[in-house]
1. Look through segment 64-75, keep the residues that are surrounded by fewer than 24 Cβ atoms within 10 Å (Cβ to Cβ) and within 20 Å of the chain's Cα centre (by Cα), and return whichever of them is farthest from Ile309 (Cα to Cα).
2. Is it the case that some residue within segment 36-45 is of a type in the set (Lys, Arg) and under 27 Å from Ile297 (Cβ atoms)?
3. Name the pairs whose Cβ atoms lie under 7 Å apart, with the first residue in segment 162-187 and on the phi > 0 side of the Ramachandran plot, the second at pLDDT 85 or above and of a type in the set (Phe, Trp, Tyr), and 6 or more positions between them or separate chains?
4. Tally the residues that are in contact (Cβ under 8 Å) with a residue 12 or more places away in the chain, under 20 Å from Ile174 (Cα atoms) and hydroxyl-bearing (Ser, Thr, Tyr), restricting the search to segment 90-141.
5. Can you tell me which residues in segment 41-63 are within 17 Å of Lys134 (Cβ to Cβ) and without any contact (Cβ under 8 Å) to a residue 40 or more places away in the chain?
6. Pull out all pairs, ordered by first then second residue, where Cβ-Cβ is under 6 Å, the residues are six or more apart or on different chains, the first lies in segment 64-79 and is over 14 Å from Gly102 (Cβ atoms), and the second is at pLDDT below 95 and of a type in the set (A, V, I, L, M, F, W, C).
Amino acid sequence: MREEIRSDKYLHHQPAVSITIQKITAVWGFTESAVGGVLHVLKIPLTGLFIGSFAVLCIFLIAHYSKKPVLILRSTIIVILIKSVVSPYSPLAAYFAVLLQGFLGYLFFTVIRYERLAAVFLGVAALLLSALQKVFVLTILFGTALWESIDLFYKYLINELSFMVNIFPQNISIYLISAYCGIHAAAGLIIGIKAFSVPAWITKKREHFSLDREKMKTAIDLFEKKKNFKKKKWWQKKSGILILGTLLTLMLISYFLPEFEKKASYNILIMIVRSFVITFFWFYLASPFIIKYFKKIIEKKKSVYSEEISSAISMFPEFKNILNYSWEISSGKKGLIRIKDFLSNSVSLLLFYELLNE
């Protein structure tokens, strides 16, 4: 008989660890399947960065409390299954990202015995690969001509402002990609360093934090706003509209202004057509077959982990209340300070809220 996380044997030796792992896994699944839409509603930038950082934190806590890195893989599978149940229309890339994070966590915490160092490696690798994945997708969609067009337009602007020619770099796309990846790597480094002190931080925060259950019930429901938040195709998002608008603008400029290379407009046109062809091929031809096969695998695993999935999803209403409550009690603050307070309270309450009633 396979060993269950919640088996009597495991509970007898480490009862607190078993319960904590189950809770952390549920919170990880909740953030992956439901929190992204709320962060979009709150207009918090770099949502993926926050979701990825929280995944790193959850993986560290699983490794820290269980002392068994193999349980990271188990929790990863459960999170993927939760995501497939709660958010069935998530793109395959989202499932792949969770799988990669879990595998990296298992790898680093198995090979590296020093927890803090393993957490740092996990944070940097997981978030950096997340950034590279987005750059890779853009390159697949638009080709290298996207970055060449950005460089071409930038060079034109710099040449118009002749006094800045020697001040700013010419190949701006390389610097943009490097900055984007650098932000993710830096965030991964910070979350990796901070993760080690999270258990002590939550204990300290719990001592000075009181949970008002009545206020929690009457807090503004952020998830009601999320109901109107529909998943959009990449060309319907602001970032997609910006990219397409920029490309069309560049095509017109390159066609009418002699300063640009004559072939630039054709390259940009080909780039736009290419992106729509690839998108059509992926969403309407390749993706349905891949998703069908993926769902068969998922359905087989659901029966194996049905108890864990049901237990985790049953906690979601309370998790939703916690996010609503965290946003409500931060209302006295504004801007980034409010976001920081909201995230701080949310993390501590989501992970260990039941201890506040002891």
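1. Kept after step one, since they are surrounded by fewer than 24 Cβ atoms within 10 Å (Cβ to Cβ), are these residues of segment 64-75: 64-71, 73-74.
So of that shortlist, the ones also within 20 Å of the chain's Cα centre (by Cα) come out as 73-74.
Working: Leu73: 15, Arg74: 12 Å.
Looking at the filtered set, the residue picked out is Leu73.
2. Quick first cut of segment 36-45, residues of a type in the set (Lys, Arg) only: 43.
Narrowing further to those that are under 27 Å from Ile297 (Cβ atoms): none.
Checked segment 36-45: no residue is of a type in the set (Lys, Arg) and under 27 Å from Ile297 (Cβ atoms).
3. Matching pairs, first to second residue: none at all.
4. 1
5. Matches in segment 41-63: Pro45, Thr47, Ile51.
6. Tyr65/Val17
Quick grid of which residues meet (1) outside any loop (DSSP other than H, G, I, E, B); (2) over 19 Å from Ile24 (Cα atoms):
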{"position": "Pro45", "(1), (2)": "no, yes"}
{"position": "Ile59", "(1), (2)": "yes, no"}
{"position": "Ala63", "(1), (2)": "yes, no"}
{"position": "Ile72", "(1), (2)": "yes, no"}
{"position": "Val79", "(1), (2)": "yes, no"}
{"position": "Lys83", "(1), (2)": "yes, no"}
{"position": "Pro88", "(1), (2)": "no, yes"}
{"position": "Val98", "(1), (2)": "yes, no"}
{"position": "Thr110", "(1), (2)": "yes, yes"}
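The values are calculated or read from the model by the stated rules, or taken from the named source; none is laboratory data. All of these numbers come straight from a predicted model, not from anything done at the bench. Cβ sites come from the backbone with ideal geometry, for glycine too, and all protein chains shown count toward neighbours.
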